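See structure below.
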Amino acid sequence: MVKVLKGTGFSSISAHKIEILEHYLYCLDNKGMIAKRLAPSNSLYQSTLQEAKKEGKLIELSEGQYLLPGFIDLHIHAPQWAQSGTALDIPLHQWLNTYTFPLESKFEDTAFAEKVYSHLVDTLLANGTTTGLYFATVHEEASYKLAEICAKKGQRGLVGKVVMDDPEQNPDYYRDQDTQTALADTERFIQRVKTLHSETTQGVYPVVTPRFVPSCTDTALAGLGQLAETYDVHVTSHCSESDWEHGYVKNRFGKNDAQVLNDFGLLREKSVMAHCNFLSEADALTFEEKGTAIAHCPVSNAYFANSVIPIKQFHDLGVEVGLGTDLSGGYDPSIYSAIRQAVISSRMLEDGVDTKKDPKERGMKNSRITAKEAFYFATAGGGESVSLPIGRLAENYAFDAQVIDTTVPQASMPIFEKIEPLDDIFQKLLYLTKRENIVSVWVQGKQISK
Ligand code: GUN
Ligand code: FE
């Protein structure tokens, strides 16, 4: 063992059930994995504790501190961090053309990209996000810079060079030069990030990233599906986000977004599709069959999709689900906000009354999710979505974790351990944690320096 942490933690067993790990020991090996997890009742507990103490390998959480798995953000537009919090009151298509594309075009300047990306990765880590799935921009160099920053700062980054090759659909000032260049740049980017990956402990991963179907030609979509297959890498895109996007794809192909992505070989085990508000049941079953996950972005959906996704129904059909901030379609870099909004939005969809009996009722029965389900999506569900052993405080998982201190003076929480069960405290952590409470963050067994 290289390190032993001692403290009370919480981890998902399933979407509905958490484990309360009261005063457990988490024993880390030299690869940053949890090699052993010991309950106080385990016969090895005392000897492991004493030995770790003697060898100076013990890190003990203090009273009022709790351990959670690091969060996994499945959908971040890294360049948009520079405009976070602005222009959230206009429709998606207008927002893309008047704010977002002009901003993203500035990332041709790698020095500017480095400034924004460094600030973003520091901010996400400080908010407990230990793994991020990023859209960068169309620029290969700046996209590679983001992967390098993740590698250097110790975050597990999955990074995509964005593809937008259709001259009819994208502005001349911000798109790939042509289809062949887009595919060649993507292939070189994949190879470079794979090399970088081998130099890190936590891993950085290249991602095949068509922005969304409307921004790409058929040739590019087919070529990207081929690259995903050849290199067995992750894939991400937007799917059925807004009425506009959904309608556009239906018009061009006579099919739903999901079916088009599938036809081009882009729905795979390691694929993560953002939003997916308007999936049909058949689309959801295709996701389930392919192992493709939904990045649920409840804050952004409220602004740009004008929609609440029936996430519980999709998850019940067997589709993998994780959470995304969708910076800057969502303004908040914290996955805590996504957890809270996922619960709030699901309750807006819920309707307790049988709509067949009372046709005036709105909503959809059995739509609510609990805080535990939202936590599952932010952790274990996110890990399953990207097919990596992350998101659980469990043996054979990477030790990616955040220590929440409920007693920090600037953000102390009303927690009274003597009178309330740990299950209630867990819920308070999800609802009340602020950045100030996150006093340390670990990725792959390494503490991130602030
Ligand atoms: N669809 C295509 N590009 C984007 C983007 O940057 N943000 C969101 N929310 N939707 C998109
Ligand atoms: Fe997005």
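The values are calculated or read from the model by the stated rules, or taken from the named source; none is laboratory data. Since the model is a prediction, treat every value here as computed from it, not as a measurement. Every residue, glycine as well, gets a Cβ built from its backbone with ideal geometry; the counts of neighbours run over all protein chains shown. The protein model used for the area step is the full one, side chains on, heavy atoms only, and it has no ligands, DNA or RNA in it. Shrake-Rupley method; radii C 1.70, N 1.55, O 1.52, S 1.80 Å.
Taking every protein chain into account, the 1.4 Å probe leaves Thr219 with about 80 Å² of accessible area, to the nearest ten. Per residue, the accessible area of the range 258-380 comes to 37 Å², computed with a 1.4 Å probe over protein heavy atoms only.
In this structure, the amide hydrogen of Val163, modeled 1.01 Å from its nitrogen in the peptide plane, lies closer than 5 angstrom to those of Thr209, Arg211, counting only residues at least 5 positions away or on a different chain. Per residue, the convex hull spanned by the Cα atoms of the range 117-205 amounts to 85 cubic angstrom. In the elastic network of the chain, a GNM with C-alpha springs shorter than 10 Å, the most mobile of Ala394, Ala378, Ala293 is Ala394.
Computed from backbone phi with θ = phi - 60° and the Karplus coefficients 6.51, -1.76 and 1.60, the 3J(HN,Hα) list for the range 215-220 is 8, 10, 6, 4, 4, 5 Hz; x is used for glycine and proline. Put simply, the amide H of Ile18, placed in the peptide plane, has neighbours under 5 Å in Ile13, leaving out anything fewer than 5 places away on its chain.
Pairs of Cα atoms in the range 230-298 fall into 10 Å distance bins, from 0 up to the last occupied one, in shares of 23, 57, 19, 1 percent.
Charge dipole (Cα centre; +1 on Lys/Arg Cβ, -1 on Asp/Glu Cβ; no other charges) of the chain amounts to roughly 1260 debye. Projecting the Cα atoms of Pro409, Gly383, Leu285 onto the charge dipole of the chain, computed from C-beta unit charges around the Cα centre, puts Pro409 farthest toward the positive end. A dipole drawn for the range 63-197 from +1 and -1 charges on Cβ atoms has a positive end, and of Thr100, Ala142, Ser118 the residue lying farthest that way is Ser118.
Under 5 Å from the amide H of Lys365 lie the amide H atoms of Asp351, each residue being 5 or more positions distant or on a separate chain, with H modelled from the backbone and absent for Pro and chain starts.
Across the alpha-carbon set of the range 70-125, the Rg to Rh ratio works out to 1.00, Rh being the Kirkwood radius. Viscosity 1.002 mPa s, temperature 20 °C: what is the translational diffusion coefficient of the chain from Stokes-Einstein with a Kirkwood Rh over Cα pairs, rounded to a whole number of µm²/s? Rounded to a whole number, D works out at 96 µm²/s. List the pairs from Lys17/Lys270; Lys372/Lys428; Lys270/Lys434; Lys31/Lys57; Lys312/Lys372; Lys31/Lys115 whose alpha-carbon separation is above 23 Å, in the order I gave them. Listed pairs above 23 Å: Lys17/Lys270; Lys270/Lys434; Lys31/Lys115. Peptides 261-272, 146-157 ranked from most to least packed by the mean count of surrounding Cβ atoms within 10 Å: 146-157, 261-272. Quick one: net charge of Val272's neighbours, Cβ under 13 Å, K/R +1, D/E -1? Spelling it out: positives minus negatives among the neighbours equals -2. Answer rounded, prolate or oblate for the range 356-446, using the Cα gyration tensor with square roots of eigenvalues a ≥ b ≥ c: rounded when a/c is under 1.5, else prolate when a/b is larger than b/c, else oblate. Verdict is oblate for the range 356-446. Mean-square fluctuations from a GNM of the chain, with a 10 angstrom spring cutoff on Cα atoms, peak among Asp122, Asp424, Asp176 at Asp424. Which of Ser237, Ala220, Val272 sits closest to the plus end of the dipole of the range 188-299, meaning its Cα is farthest towards the positive end, when Lys and Arg get +1 and Asp and Glu get -1 on the C-beta? Farthest along the dipole direction, towards plus: Ala220. Restricting the chymotrypsin sites (Phe, Trp or Tyr not before Pro) of the range 155-255 to loop positions (DSSP other than H, G, I, E, B) with no more than 11 neighbouring Cβ atoms within 10 Å leaves Tyr173.
Taking the C-alpha atoms only, the angle from helix 335-349 to the longest principal axis of the chain is near 70 degrees.
Ranked by the mean number of other Cβ atoms within 10 Å of their residues, highest first, the peptides 15-25, 331-341 fall in the order 331-341, 15-25. Taking θ as phi - 60° and the Karplus parameters 6.51, -1.76 and 1.60, the scalar couplings of the range 67-80 work out to 10, 10, x, x, 8, 10, 9, 8, 7, 10, 9, 4, x, 6 Hz in sequence order, x denoting glycine and proline. Charge dipole of the range 53-93 (Cα centre as origin; +1 on each Lys and Arg Cβ, -1 on each Asp and Glu Cβ, all else neutral): 260 debye, rounded to the nearest 20.
Comparing Val204, Val249, Val235 in a Gaussian network model of the chain (Cα springs below 10 Å), the most mobile by mean-square fluctuation is Val249.
Evaluating 6.51 cos²θ - 1.76 cosθ + 1.60 at θ = phi - 60° for every residue in the range 422-427, the Karplus couplings come out as 4, 4, 6, 4, 3, 5 Hz, glycine and proline recorded as x.
Scattering from the range 139-256 was approximated by placing one identical point on each alpha carbon and applying the Debye formula without solvent; log10 I(q)/I(0) at 0.14, 0.18, 0.22 1/Å stands at -0.60, -0.91, -1.19.
Over the range 308-450, Cα pairs under 8 Å with separation of 6+ residues give a relative contact order of 21 percent.
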